[in-house]
Amino acid sequence: MTETRWERAALALVLTIMCASRVAAQTCLGLPSFANGSVHLNAAGEFPDSANAWALGIGAGRPNNLFANVGGGQVTFEGLDEKSSFGFLEFGVQIPVGRAEVCPIAGGTFGAGPDDADAGLKLTSRSASAGLALGVPVDAGSLRVVPNVAVKYEYLSVKVEEVDFEPTTDTFTSGIVDLGLGLILRDRVSLQPLLHIPFGGDEDEEASFGLFASFSFGWRAR
């Protein structure tokens, strides 16, 4: 892997690991509430420049209470055959504020790749994030529309191990604003376009677009 290709892959990894881990599930993030189903199956796609990321997750929680989510995904890079895989854990708490819902949120990821076996190159990554999310539901019959915004601080470290060289670690920090418009049908199924806007980061990062889908099932809250 040439230096230019490595730099491009590292920057894409920063964006996708940070953004594609947004697979949580509650009103503050424009998704079905936990009132009708305490378990959510979620899927997300993220499409920054030079990469594509996909993630699946499963979450659980109760209305106006704690929630948690766990899952994993894969990142593919333009111009590279190698891929990156990652797992994530997220948690938070739902707080009703009038018609709105506010959620302090935090999470972390661990990623592996993209590796280059021919060059003896191995990459691993770790990230952590924390912030606040706000959603305001608007009912329209069986459809609920939830404009929402999340503001987070993100930290990512990427460790590079190469044969005959000492391992090196690069760190990246950034703020992220997520803008979403949740379209929720019968409080069970949701589809949501997302816009991720980085700010104050260590690198010149561009806004990226994503899609998020969620299906609620399981027991009703009592």
Do any residues in segment 102-119 that are free of Cβ contacts under 8 Å to residues at least 24 places away in the same chain have Cβ atoms under 9 Å from those of residues that are in a strand (DSSP E or B), where the two are at least six apart or on different chains, and which pairs are they? Gly108/Phe88; Gly108/Leu89; Gly108/Glu90; Gly108/Arg126; Gly108/Ser127; Gly108/Ala128; Gly108/Ser129
With a cut-off of at least 1 residues that are surrounded by 14 or more Cβ atoms within 10 Å (Cβ to Cβ) and either at negative phi or in contact with a helix residue (DSSP H, G or I) (Cβ under 6 Å, 6 or more places away or on another chain) (or both), name the strands (runs of 3 or more DSSP E) lying wholly within segment 90-193. 95-97, 100-112, 121-135, 143-162, 168-185
Is it the case that Glu205 is surrounded by fewer than 20 Cβ atoms within 10 Å (Cβ to Cβ), farther than 20 Å from Gly87 by Cβ and not small (Gly, Ala, Ser)? no
Can you tell me which residue within segment 61-88, out of those that are touching a residue at least 40 places away in the same chain (Cβ under 8 Å) and hydrophobic (A, V, I, L, M, F, W, C), is nearest to Asp187 (Cα to Cα)? Phe67
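Looking only at segment 120-155, which residues are in contact (Cβ under 8 Å) with a residue 12 or more places away in the chain, charged (D, E, K, R) and closer than 16 Å to Ser190 by Cα?
Filtering segment 120-155 for residues in contact (Cβ under 8 Å) with a residue 12 or more places away in the chain gives 120-137, 142-155.
Narrowing the set further to residues that are charged (D, E, K, R) leaves 122, 126, 144, 152, 154.
Across segment 120-155, the qualifying residue is only Arg144.
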Does Gly201 satisfy the condition of being assigned to a loop (DSSP other than H, G, I, E, B), touching a residue at least 12 places away in the same chain (Cβ under 8 Å) and over 22 Å from Gln74 (Cα atoms)? yes
What is the one condition in (1) within 18 Å of Leu179 (Cα to Cα); (2) at pLDDT below 90; (3) among the hydrophobic types (A, V, I, L, M, F, W, C); (4) touching an Asp or Glu at 6+ places or on another chain (Cβ under 9 Å) that Ala106 does not satisfy? (2)
Taking Gly79, is it more than 21 Å from Asp170 (Cα to Cα) and outside any strand (DSSP E or B)? yes
In segment 76-112, what residues are more than 18 Å from the chain's Cα centre (by Cα) and within 15 Å of Leu156 (Cα to Cα)? none
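The values are calculated or read from the model by the stated rules, or taken from the named source; none is laboratory data. The model shown is predicted, which means the values in this text are computed figures rather than measured ones. Cβ sites come from the backbone with ideal geometry, for glycine too, and all protein chains shown count toward neighbours.
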